[in-house]
């Protein structure tokens, strides 16, 4: 069952990597550093418009205009955006948060996030290739006792004999691991560097270093 859609304000950023910082009590905190350069607001969608829902389209980074086709350049020119952003992401937001996103303007990290905020971070997880059941689903494996031959890391039986005589959909088996959209919820912002446009978030977030991620206020804040 899917949870509620996150319609809280957010930004698009880039995962720089992990490090550690000290808090006021001298404790070491493992943090992920996210570079959230000012996002340009390319488009605003409202229920009164042709789209029928409320959302904002944000641009992050820069790229050469020669890498885009004419429809894409025309879309950006209509919003007065130059140079073209490298990444274009759409976020559903409540109407009450639209004043944070002026069309053609920029959204900065200090405008959306403060120290102590709980956030949800979404990205594409690291691809691990084809993996077995022990790595993919944390099976414990078979007993390595006397008489067990070549059956230490197997997944066990998958069938149900005559009735219903099939493998149920969703059965935990070997397969591709990672390289999927993943979200880590309710992680805390411990530092905001407005000068360098950096967010320091407690813990880890999906994706490798350099990956594009979305940071939003937590929808299920504890």
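The values are calculated or read from the model by the stated rules, or taken from the named source; none is laboratory data. These numbers were taken from a predicted model, which means no experiment stands behind them. So basically every Cβ, Gly included, is an ideal-geometry build from the backbone, and we count neighbours across all protein chains shown.
See the values below:
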quantity: Residue within the stretch 115-136 that is assigned to a loop (DSSP other than H, G, I, E, B) and either farther than 29 Å from residue 186 by Cβ or over 23 Å from the mean Cα position of the chain (by Cα) (or both) present; calculated: yes
quantity: Out of 104, 156, 78, 74, sole residue that is out of contact with any strand residue (DSSP E or B) (no Cβ under 8 Å at 6 or more places or on another chain) and on the phi > 0 side of the Ramachandran plot; calculated: 156
quantity: Counted residues, the stretch 85-99 - those being within 15 Å of residue 45 (Cα to Cα) and either surrounded by 16 or more Cβ atoms within 10 Å (Cβ to Cβ) or more than 25 Å from the chain's Cα centre (by Cα) (or both); calculated: 6
quantity: Cross-chain or 6+ apart pairs with Cβ under 8 Å, the stretch 71-84 first and surrounded by 12 or more Cβ atoms within 10 Å (Cβ to Cβ), then at pLDDT below 90 and in a loop (DSSP other than H, G, I, E, B); calculated: 76/82; 79/103; 79/104; 81/104
quantity: Out of 184, 219, 205, 167, sole residue that is at pLDDT below 95, within 25 Å of the chain's Cα centre (by Cα) and either assigned to a loop (DSSP other than H, G, I, E, B) or on the phi < 0 side of the Ramachandran plot (or both); calculated: 219
quantity: Residue that is more than 20 Å from residue 182 (Cβ to Cβ), at pLDDT below 95 and in contact with a helix residue (DSSP H, G or I) (Cβ under 7 Å, 6 or more places away or on another chain), where the choices are 116, 141, 147; calculated: 141
quantity: Which numbered condition residue 181 fails, given (1) surrounded by fewer than 17 Cβ atoms within 10 Å (Cβ to Cβ); (2) farther than 28 Å from residue 140 by Cα; (3) out of contact with any helix residue (DSSP H, G or I) (no Cβ under 8 Å at 6 or more places or on another chain); (4) in contact (Cβ under 8 Å) with a residue 24 or more places away in the chain; calculated: (2)
quantity: In the stretch 22-59, the residues that are closer than 21 Å to residue 218 by Cβ and either buried (at least 21 other Cβ atoms within 10 Å of the Cβ) or touching a residue at least 60 places away in the same chain (Cβ under 8 Å) (or both); calculated: 23, 29, 30, 31, 32, 33, 34, 35, 36, 39, 56, 58
quantity: Residue count, the stretch 191-201 (criterion: surrounded by fewer than 17 Cβ atoms within 10 Å (Cβ to Cβ) and assigned to a strand (DSSP E or B)); calculated: 2
quantity: Qualifying residue in the stretch 87-109 (condition: without any contact (Cβ under 8 Å) to a residue 24 or more places away in the chain, in contact with a helix residue (DSSP H, G or I) (Cβ under 8 Å, 6 or more places away or on another chain) and either more than 18 Å from residue 13 (Cα to Cα) or in a loop (DSSP other than H, G, I, E, B) (or both)); calculated: no
